[in-house]
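Single-structure report; data block below.
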Amino acid sequence: MKVVIAGGTSGIGLATAKILANDGAEVIITGRNPQKLEQALALLPKGVGGQCVNAANVVDQKAFLTATGNIDHLVLSLGGYKGLGLFKDLDFMQLRQGFEEKFFLHLQILQDALPYLSENASVTFITAVSGHARFPGIAGIGAINGALEVTVPILAKELQPVRVNAVSPGAIDTPWWSFLPESTRGETFQQYAQMTPVRRMGQPEDVAGVVGEVIRNSFITGQVITVDGGLGL
Ligand SMILES: NC(=O)c1ccc[n+]([C@@H]2O[C@H](COP(=O)([O-])OP(=O)(O)OC[C@H]3O[C@@H](n4cnc5c(N)ncnc54)[C@H](OP(=O)(O)O)[C@@H]3O)[C@@H](O)[C@H]2O)c1
């Protein structure tokens, strides 16, 4: 089984790569930063492949897919923080960029990958609980993730028998949060832990394990599976 993880050099994508590679899958990870890629590959079992590809560069992304060939499972785990914050302060340029960096990239990669997906392939978007939760500060980023989640059941029908799902995380301790200064990050994590009924931040492995299940279980399609410790309740 060949798995491509776009955004696999860090956080949730990296943890997913580890679980799947340890399970015997052929795994290929991508990311933009060569140093991050090198560090990620050093943490993964031998044989995991990797390439520096900026998914926003359509030519490079297509060339990568062509060179990769047949794909059994595609995991889309890239996206930034832009669009996060209270509505009164929302910078619409940032929100537009947020859509570019996640919503449009996930769908563009999937469209470009279609010719290479094997008949029983699966596609898993990593979205976010903001896409369907209701608390202040997530109107913008929630719109990005909610828009992706809306496409999931529709694509599952259009692309059948290819399976299409999303795994929707709550607050997870990954480098995604590096937009916050280190001095305040711990406090923010504590606040999220208090807002979360299981009383902790998530770990990337909490999400990666579910991604692995979704990939392996050929009877799951069209679903958005929330892994948030109850944050979105
Ligand atoms: N962490 C959370 O609390 C949380 C919560 C809910 C949802 N999520 C979502 O989960 C997904 C994964 O997040 P994470 O926490 O694992 O973040 P992360 O640790 O920052 O990982 C993001 C990955 O995407 C890659 N990437 C970003 N833009 C790219 C591009 N244009 N082309 C290729 N690769 C790109 C990054 O590598 P390079 O920087 O080298 O390109 C990195 O490998 C994101 O969509 C995020 O919105 C995260």
Worksheet item: Taking other Cβ within 10 Å of each residue's Cβ, how do L107, L76, L233 sort, fewest first?
Response: L233, L107, L76
Item to complete: Kindly flag which residue pairs out of K18/K88; K18/K102; K36/K62; K102/K157; K46/K82; K18/K82 have an alpha-carbon separation exceeding 31 Å in this structure.
Response: K18/K88; K46/K82
Practice prompt. Only Lys, Arg, Asp and Glu count, each charged at its Cβ (+1, +1, -1, -1), so figure out the dipole size of the range 118-196 about its Cα centre, rounded to 20 debye.
Written response: 180 debye
Discussion item. On alpha carbon coordinates alone, what is the Rg over Rh value for the chain, Rh being the Kirkwood radius?
Written reply: 0.94
Worksheet entry | the chain - share of DSSP beta bridges that are antiparallel (%, nearest 5) | 0 percent
Worksheet item: Given charges of +1 on the Cβ of Lys and Arg and -1 on the Cβ of Asp and Glu, with all other atoms neutral, how large is the dipole of the range 2-227 about its Cα centre, in debye to the nearest 20?
Response: 180 debye
Worksheet item: Between the range 185-233 and the range 124-161, what is the C-alpha centre distance in whole Å?
Response: 14 Å
Worksheet entry | Summed residue charge, Cβ within 14 Å of V207's Cβ, Lys/Arg positive, Asp/Glu negative | -3
Worksheet, complete the sentence: Total charge of the residues flanking Q223 in space, meaning their Cβ is under 12 Å from its Cβ, with Lys and Arg +1 and Asp and Glu -1, is -1
Practice prompt. Pull out the extension gain between L159 and N70, defined as 0.36 nm times the separation in residues minus the alpha carbon to alpha carbon distance; nm, one decimal.
Written response: 30.4 nm
Response to the item:
Helix 34-43 sits off the longest principal axis of the Cα atoms of the chain, rounded to the nearest 10 on a 0 to 90 degree scale, by 80 degrees
Discussion item. Please compute the modelled spin-label separation between F135 and Q190, points set 7 Å along Cα→Cβ, answer in nm with one decimal.
Written reply: 1.6 nm
Worksheet entry | Contact order normalised by residue count of the range 2-227, Cα under 8 Å, 6+ apart, percent | 21 percent
Discussion item. Below 15 angstrom from the Cβ of V167, what's the summed charge of the other residues (Lys, Arg +1; Asp, Glu -1)?
Written reply: -2
Worksheet item: Counting Lys and Arg as +1 and Asp and Glu as -1, each charge on the Cβ, what is the dipole of the range 1-97 about the Cα centre in debye, to the nearest 20?
Response: 140 debye
Worksheet, complete the sentence: Nearest 10, in degrees from 0 to 90: the angle of helix 139-158 to the longest Cα principal axis of the chain is 30 degrees
Worksheet item: When a footprinting reagent is the concern and you count Cβ atoms within 10 Å, what order do S178, S183, S10, S168 take, fewest first?
Response: S183, S178, S10, S168
Worksheet item: Listed highest first by mean packing, meaning other Cβ atoms within 10 Å per residue, what order do 16-22, 60-66 come in?
Response: 16-22, 60-66
Response to the item:
Computed over the chain: longest principal axis from alpha-carbon atoms vs helix 11-22 long axis, angle to nearest 10 degrees, is 40 degrees
Fill in: Cα gyration tensor category, rounded, prolate or oblate, for the range 9-74 with a/c compared to 1.5
oblate
Item to complete: Would you kindly state how much longer the chain becomes between K46 and Q111 on full extension, computed as 0.36 nm times their sequence separation minus their alpha carbon distance, in nm to one decimal?
Response: 20.4 nm
Worksheet, complete the sentence: A chain fully extended from R216 to N54 at 0.36 nm per residue, minus the present Cα-Cα distance, gains in nm 55.6 nm
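Every number here is computed from the coordinates shown, using simple stated rules; none is lab data. Remember, it's a predicted structure, so these values are computed and weren't measured experimentally. In this analysis, Cβ positions are derived from the backbone assuming ideal geometry, glycine residues included, and neighbour counts consider all displayed protein chains.
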